[in-house]
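See below for the structure under consideration.
Just so you know, all these numbers are worked out from the coordinates, no wet-lab data involved. Computed from a predicted model, the values in this text were never measured in an experiment. For neighbour counting, all protein chains shown are included, and Cβ atoms are generated from backbone atoms with ideal geometry for every residue, glycine included.
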Amino acid sequence: MSLQVETKRIGQVLCVQLIGELDHHTAPIVRDVIETEMNKSATLHILINMKRLTFMDSSGIGMILGRYKQLLQKGGKMAISDIPANIYRVLEMSGLFKIILIADSEQQAISRLEVES
Amino acid sequence: MSLQVETKRIGQVLCVQLIGELDHHTAPIVRDVIETEMNKSATLHILINMKRLTFMDSSGIGMILGRYKQLLQKGGKMAISDIPANIYRVLEMSGLFKIILIADSEQQAISRLEVES
Amino acid sequence: MRRKNRMELTFLSQSVNESFARITVAAFISQLNPTMDELADIKTVISEAVTNCIIHGYENREDGIVSIVAEIEGESVMIEISDRGRGIENLELARQPMYTSKPELERSGMGFTIMENFMDECTVTSTPHEGTKVVLRKHFSLSEELLN
Amino acid sequence: MRRKNRMELTFLSQSVNESFARITVAAFISQLNPTMDELADIKTVISEAVTNCIIHGYENREDGIVSIVAEIEGESVMIEISDRGRGIENLELARQPMYTSKPELERSGMGFTIMENFMDECTVTSTPHEGTKVVLRKHFSLSEELLN
Ligand SMILES: Nc1ncnc2c1ncn2[C@@H]1O[C@H](COP(=O)(O)OP(=O)(O)O)[C@@H](O)[C@H]1O
Ligand SMILES: Nc1ncnc2c1ncn2[C@@H]1O[C@H](COP(=O)(O)OP(=O)(O)O)[C@@H](O)[C@H]1O
């Protein structure tokens, strides 16, 4: 598969590491993993680590927005960290930066998610 | 360009390092570099280092055979070192191993070229 | 001499072919010696256009045909992506940022906006029940060494 | 369900397209999850067949059209490479290891031998003055995870 998803929990944050390419073909994989994890226990926040994401198009934006809306209902927040330059351009255009927390590193994202909650 | 050629001289050996992909499109680059170097001074032997060659097809075989024939006339020998597995299969099929010296490393190739000359 | 090159690609409307399509176009464009950023942008727009053919044009049927034509002339590239699917009724509406006809599929409605922003030119023509064609153009500034 | 997929590619007979062709076919085949060795072998045979169309079929004219069709069915792949060039008079002679009609171009005559050895099947049909078609087949053993 051209996308791998790795998850771990740190406090109240579900950390999702994406490895590979996120498009219409692979977006359902991420959605399913996150929904499964969120059903397991009351996750408050989600952090998507994009350090090893090599490609993302607007299908990624749609998937992120979908998770964001689900989180909002439960009072949770969303963050994205380690955004590669090419993906930054796509995210910027979508206006996602206005509603989602952006961080340079996973650690920074987690502490900001926890402080603000 | 999808192929880079680096050359250096060690004693009587012209060492040619190939970086990238060797096919019908790029073979003339190697031929030209080697011929220019051979015209500069009396090279006796040629070593082709394939460590960073990622692709080679039968156009590479033709180019190597062409250089081999030129060397033979001048009494020189030819060696190839650091052959990647995929290229090994192509070279093996061509029967080139019967006439050209094969070595694991550049150093091994050079000492064998010099001993045998 | 002005360099000219051309390729045509067709494939079935299967989502597994989205990455195939962007790799292929990127490989074709690479003879223009694009920067990493330019190559990433090209991959993104191809992915947008091809995904649209599959999701919207053929509504996820897997037996539709997606076509890509790419032409290099000098330092410019023209890429045409087309399907023979359902077509677009209202082109102006479709091109609005954030507009999508398939919010239930978690579409963001940003496809055309990305194509317009990442390319120099983006022309869309469509006929309902016949299909849709997107023509993208971009100019690359060749590095000196390649101009010889 | 048996997986089925298909693509068609055409491009001009320019040597810069040799690497483009092998990257494209390799990208298409990658959905079968081939090993690195299998992928390398596929790239080599595509390079051999496409180079032959350019050098022999079109005798280095740059405006000929090279076609590739690739079909995946289950775990098998069929790849057809064809040109509408000069064709081959004597097919048996052409397929002999080390035979080349263009020794002055430093050809090794190993193209067909490599195609035959790296693939399960290699069929060549040719009509003088009309063109040449090479059909290659290979079976891949899918890894378990992909069979689901
Ligand atoms: N190839 C196509 N065939 C039919 N309709 C299309 C096609 N491409 C785009 N559309 C229409 O244009 C709308 C906007 O497209 P786009 O900006 O890419 O956003 P999205 O794909 O996220 O919906 C789509 O929702 C669809 O209604
Ligand atoms: N597409 C083609 N069109 C015309 N002749 C061809 C074609 N492919 C191969 N041939 C003929 O078959 C011969 C053997 O081909 P091959 O084994 O690939 O070796 P090489 O390309 O090194 O000559 C060629 O020299 C040529 O005469």
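Per-structure values
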{"read-out": "Selection from C:Ile72, C:Tyr58, C:Ile42, by position along the positive dipole direction of the stretch C:27-93 (Cβ)", "value": "C:Tyr58"}
{"read-out": "Helical segments meeting 18 Å axial Cα length and Kyte-Doolittle 0.0 threshold in chain A (DSSP H)", "value": "A:58-73"}
{"read-out": "Where rotation carries A onto B, the chain A residue whose Cβ is nearest that axis, in whole Å", "value": "A:Thr54, 9"}
{"read-out": "Protection-proxy order for peptides D:49-62, A:8-21, each taking the mean of Cβ atoms within 10 Å per residue, highest first", "value": "D:49-62, A:8-21"}
{"read-out": "Efficiency of FRET between B:Ile19 and A:Arg52 - r from beta-carbon atoms, R0 22 angstrom, step 0.05", "value": "0.25"}
{"read-out": "Entries in C:Lys43/C:Lys133; A:Lys74/A:Lys98; B:Lys51/C:Lys4 that, when Cα-Cα distance is taken, lie over 25 Å", "value": "B:Lys51/C:Lys4"}
{"read-out": "Nearest-first distances (nm) between copies at B:Gln70, label 7 Å from Cα via Cβ", "value": "6.4"}
{"read-out": "Highest-MSF residue in chain D out of D:Ser15, D:Ser30, D:Ser101 [GNM, Cα springs under 10 Å]", "value": "D:Ser101"}
{"read-out": "Between 0 and 90°, nearest 10: helix C:36-52 axis offset from chain C longest Cα axis", "value": "30"}
{"read-out": "The stretch A:3-116 shape via C-alpha gyration tensor axes, a/c threshold 1.5", "value": "rounded"}
{"read-out": "Inter-part distance where the stretch A:1-45 and the stretch D:1-15 are each reduced to a Cα centre, Å", "value": "34"}
{"read-out": "Shape category assigned to the protein assembly as shown from the gyration tensor of Cα positions, a/c cut at 1.5", "value": "prolate"}
{"read-out": "About the Cα centre, charge dipole magnitude for chain B (Lys/Arg +1, Asp/Glu -1 at Cβ), debye", "value": "280"}
{"read-out": "Sequence-distant residues sharing a close amide H with C:Ser108 (under 5 Å, placed H)", "value": "A:Gly62"}
{"read-out": "The stretch C:4-141 - percent relative contact order, Cα under 8 Å, separation 6 or more", "value": "26"}
{"read-out": "Derived scalar couplings ³J(HN,Hα) [the stretch C:75-82; Karplus, 6.51 cos²θ - 1.76 cosθ + 1.60; whole Hz; x for Gly, Pro]", "value": "9, 10, 10, 10, 10, 10, 10, 9"}
{"read-out": "Neighbour-count ranking [beta-carbon atoms within 10 angstrom, fewest first] of D:Ser141, A:Ser111, D:Ser19", "value": "D:Ser141, A:Ser111, D:Ser19"}
{"read-out": "Label geometry 7 Å along the beta-carbon vector: D:Glu130 inter-copy distances in nm", "value": "3.5"}
{"read-out": "Label geometry 7 Å along the beta-carbon vector: A:Arg52 inter-copy distances in nm", "value": "2.6"}
